[in-house]
Structure formats: C-alpha cells, structure tokens
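J.: The structure follows.
The values are calculated or read from the model by the stated rules, or taken from the named source; none is laboratory data. Computed from a predicted structure; not experimentally measured. Counting neighbours? That spans all protein chains shown, and the Cβs are built from the backbone with ideal geometry, glycine included.
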Amino acid sequence: MGRLVRLRRFTRDEAGAAMVETALAFPLLILVAVGVVQFALFVHAQNVVLAAAQDGARVAAAEDRSVGEGVAHAQALLRAGLGPSAEAVSVRGAEDGEVVMVETQGRLRLILPWVGDASLPLHAQAAMTKEHFRRGRLP
C-alpha cells in the first residue's frame, strides 16, 4: 500500500562540499548587496543635487529675488537631503541678463571601507528665465 520513504543522510564529503560552496557564494552575495545599496545611495544623492539646483534657480528667478537667495535655498535643500554629505557639494549661481543659472557640483564618498578615498561625481545645472511682471498691462 504505502511506500516507506527513507531520509538520506548527508555523508561527510557532501557536508564539506556544501560548506565550501557556501564559503564561496556568501562573499559574492555580500558584494552584490553592498553594490545595490551604494547604487541606491548614489541615485538618491544625484536626485537631491538636481532638485536643489532646479529649486535654487526657481527661487533666484522669482521677481524681487536674487541669485544669492537662490544659492542659499539650494544649500539648505542639500543639507536637508544629504545631511553631512552636503559639505562635499558646492553651489554656484550666476545671472546673465534674463537668465539665472544655479550649478551644484561635488562628490559622494563610497560606503565601502576598503576602497580608500573613492567617490562618485555629483553634478547638476539648472537655468531659468527671470520673472518680470508689468502691472497694468495685458499681453
């Protein structure tokens, strides 16, 4: 009627082979996991740098605002989004006639401790036209 199922026991050789396979696969798994985390941190930092440049240019282009206010706003956004890493990112602003430009540039240190002083570049640039409203005139 029913079959008896015997559980097979691992021999010493098979247990040793499993241990070697685990010892080889585990460091690769950890390396891939750290790489994925580093990539996510880089994408986040690049998005923060881009958003800070864009919002800084928007503030600087607003009527009755200056380039200095736009740069200060971008620096505040960098500090809020990157924390202590924001110190490694510089913000510059310029005005060329009707166009305001804010540029952010810096580096993101890697989380891998054994790589030394390696870092990834962060850069963004945003330009906007200055707002000028004329009261009392319709277009």
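J.: Quick one: how many residues across the range 12-26 are of a type in the set (Asp, Glu) and surrounded by 12 or more Cβ atoms within 10 Å (Cβ to Cβ)?
T.: 0
J.: Continuing with the same structure: So for the range 87-105 (the condition being modelled with pLDDT under 95 and either of a type in the set (Lys, Arg) or closer than 30 Å to Pro27 by Cα (or both)), does at least one residue qualify?
T.: No.
J.: Is it fair to say Ser90 is touching a Ser or Thr at 6+ places or on another chain (Cβ under 8 Å) and of a type in the set (S, T, N, Q)?
T.: Numbers: touching a Ser or Thr at 6+ places or on another chain (Cβ under 8 Å): yes; of a type in the set (S, T, N, Q): yes.
It is true that Ser90 is touching a Ser or Thr at 6+ places or on another chain (Cβ under 8 Å) and of a type in the set (S, T, N, Q).
J.: Can you name the condition, by its number, that Leu110 falls short on among (1) without any contact (Cβ under 8 Å) to a residue 12 or more places away in the chain; (2) touching a Ser or Thr at 6+ places or on another chain (Cβ under 8 Å)?
T.: It is condition (1) that Leu110 fails.
J.: Let me ask another. Give the number of residues within the range 27-70 that are among the basic types (Lys, Arg) and either surrounded by fewer than 16 Cβ atoms within 10 Å (Cβ to Cβ) or in contact (Cβ under 8 Å) with a residue 12 or more places away in the chain (or both).
T.: So the first thing to find is which residues in the range 27-70 are among the basic types (Lys, Arg), and the list is 58, 65.
From what is left, the residues that are either surrounded by fewer than 16 Cβ atoms within 10 Å (Cβ to Cβ) or in contact (Cβ under 8 Å) with a residue 12 or more places away in the chain (or both) are 58.
Result for the range 27-70: 1.
J.: Might you let me know whether the range 71-85 holds any residue that is over 12 Å from the mean Cα position of the chain (by Cα), in contact (Cβ under 8 Å) with a residue 40 or more places away in the chain and over 30 Å from Val36 (Cα atoms)?
T.: no
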